[in-house]
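A quick write-up on the structure given underneath.
The values are calculated or read from the model by the stated rules, or taken from the named source; none is laboratory data. Not measured: the values here are computed from a predicted model. Heads up, the Cβs are rebuilt from the backbone with ideal geometry, glycines too, and the neighbour counts pull from every protein chain shown. To get the accessible areas, we keep the full protein, side chains included, count just its heavy atoms, and leave off ligands, DNA and RNA. Shrake-Rupley method; radii C 1.70, N 1.55, O 1.52, S 1.80 Å.
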Amino acid sequence: MKKIALLFLITTLITPVFSQSIQKNSVPNTLSSQEQKDGWKLLWDGKTTNGWRGAKSTTFPDKGWIIEDGILKVLKSDGGESTNGGDIVTIQKYRNFILSVDFKITKGANSGVKYFVDTELNKGEGSSIGCEFQILDDERHPDAKLGVNGNRKLGSLYDLIPAKANKPYRDKKEFNTATIIVKGNHVEHWLNGVKIVEYERNNQMWNALVAYSKYHIWPNFGNAETGHILLQDHGDEVWFRNIKIKELD
């Protein structure tokens, strides 16, 4: 009951600090002249692995990921967490930003986009640790039924805060756009231009929420000033493109 009360408070009492409209460019993996003027940068160039490495390696994985027709694909394996090629992370760390990622999932798939990732925290088995924009087939993957109040479904802050039930998710045949906005301790998740999660970190409410989650074993989880951005290998085929970022003051 305590955890449900915390979820209710954190999703209903936070006052929005700001909002952003994300300009879309019709040509995948490129920036329009206006986007460039506005300070956007490509995190992935659509052709190479430049700027990325394995979360537990100094180089890009030699298996599990492929680049094909301007799409960065996680390949199907055993459905395990980081058991094939493994997660990939940006070489650079980020503090305040707007991150935009187009994704498309296959039937029953599980993946995620993580931020504030510290690759030194977990060097053993499993995924690297960080806050996660969940990417999931809510209808078919069993993880959607776990957690509390839907906090493991698509768009949620994984295992912490559920996304809105009426989120504007498109059919699996189409790309969707995940947007993560971080300004200090204020964080927002957007899906296809609609805000679906909003929270504040580095406070008593946040720490109490973490204490009731799977992340309670990681000291000071989610409170880091900077961290890597991660794309997850969960053993299911998922497609990414148009990965871009705008750093904020």
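Being crowded, with 23+ Cβ neighbours inside 10 Å, within 23 Å of Ile243 (Cβ to Cβ) and acidic (Asp, Glu) is the requirement here; does Asp87 meet it?
So Asp87 passes the test.
Answer yes or no as to whether Leu154 is surrounded by 23 or more Cβ atoms within 10 Å (Cβ to Cβ), free of Cβ contacts under 8 Å to residues at least 40 places away in the same chain and within 22 Å of Ile245 (Cα to Cα). Steps first, answer last, please.
Values: surrounded by 23 or more Cβ atoms within 10 Å (Cβ to Cβ): yes; free of Cβ contacts under 8 Å to residues at least 40 places away in the same chain: yes; within 22 Å of Ile245 (Cα to Cα): yes.
Taking the combined requirement at face value, the residue satisfies it.
Just the residues that are farther than 21 Å from Gly46 by Cβ and in contact with a Lys or Arg (Cβ under 9 Å, 6 or more places away or on another chain), please, taken from the range 88-115.
Those that are farther than 21 Å from Gly46 by Cβ and in contact with a Lys or Arg (Cβ under 9 Å, 6 or more places away or on another chain): Asn96, Lys107, Gly108, Ala109.
Go through the range 72-100 and count every residue that is over 14 Å from the mean Cα position of the chain (by Cα) and either at pLDDT 75 or above or closer than 30 Å to His186 by Cβ (or both). Spell out how you get there, then give the answer.
If we filter the range 72-100 for residues that are over 14 Å from the mean Cα position of the chain (by Cα), which is where we start, we get 72-86, 91-93, 95-96.
After this cut, where a residue has to be either at pLDDT 75 or above or closer than 30 Å to His186 by Cβ (or both) as well, the list is 72-76, 81-82, 85-86, 91-93, 95-96.
Number satisfying all stated conditions: 14.
On the basis of being part of a loop (DSSP other than H, G, I, E, B) and of a type in the set (Phe, Trp, Tyr), does Phe240 make the cut?
Spelling it out, it is not the case that Phe240 is part of a loop (DSSP other than H, G, I, E, B) and of a type in the set (Phe, Trp, Tyr).
Residue-wise test of (1) assigned to a strand (DSSP E or B); (2) touching a strand residue (DSSP E or B) at 6+ places or on another chain (Cβ under 7 Å).
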position	(1), (2)
Thr58	no, no
Ile67	yes, no
Ser77	no, no
Phe103	yes, yes
Ser111	yes, yes
Lys123	no, no
Gly130	yes, yes
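Asp138 is checked against (1) surrounded by fewer than 17 Cβ atoms within 10 Å (Cβ to Cβ); (2) assigned to a loop (DSSP other than H, G, I, E, B) and fails just one. What number does that condition carry?
(1)
Within the range 200-249, take every residue that is under 22 Å from Asn110 (Cα atoms) and charged (D, E, K, R) and give me the one that is surrounded by the most Cβ atoms within 10 Å (Cβ to Cβ).
Selected residue: Asp233.
Write out, first by first residue and then by second, each pair whose Cβ atoms fall under 6 Å of each other, whose residues are 6+ apart or on separate chains, and whose first residue, in the range 109-124, is free of Cβ contacts under 8 Å to residues at least 24 places away in the same chain and closer than 12 Å to Trp218 by Cα while the second is outside any strand (DSSP E or B) and open to solvent by 10 Å² or more (accessible area, probe 1.4 Å).
Hits for this filter: zero, empty list.
Yes or no: the range 178-189 includes at least one residue that is crowded, with 16+ Cβ neighbours inside 10 Å and part of a loop (DSSP other than H, G, I, E, B).
no
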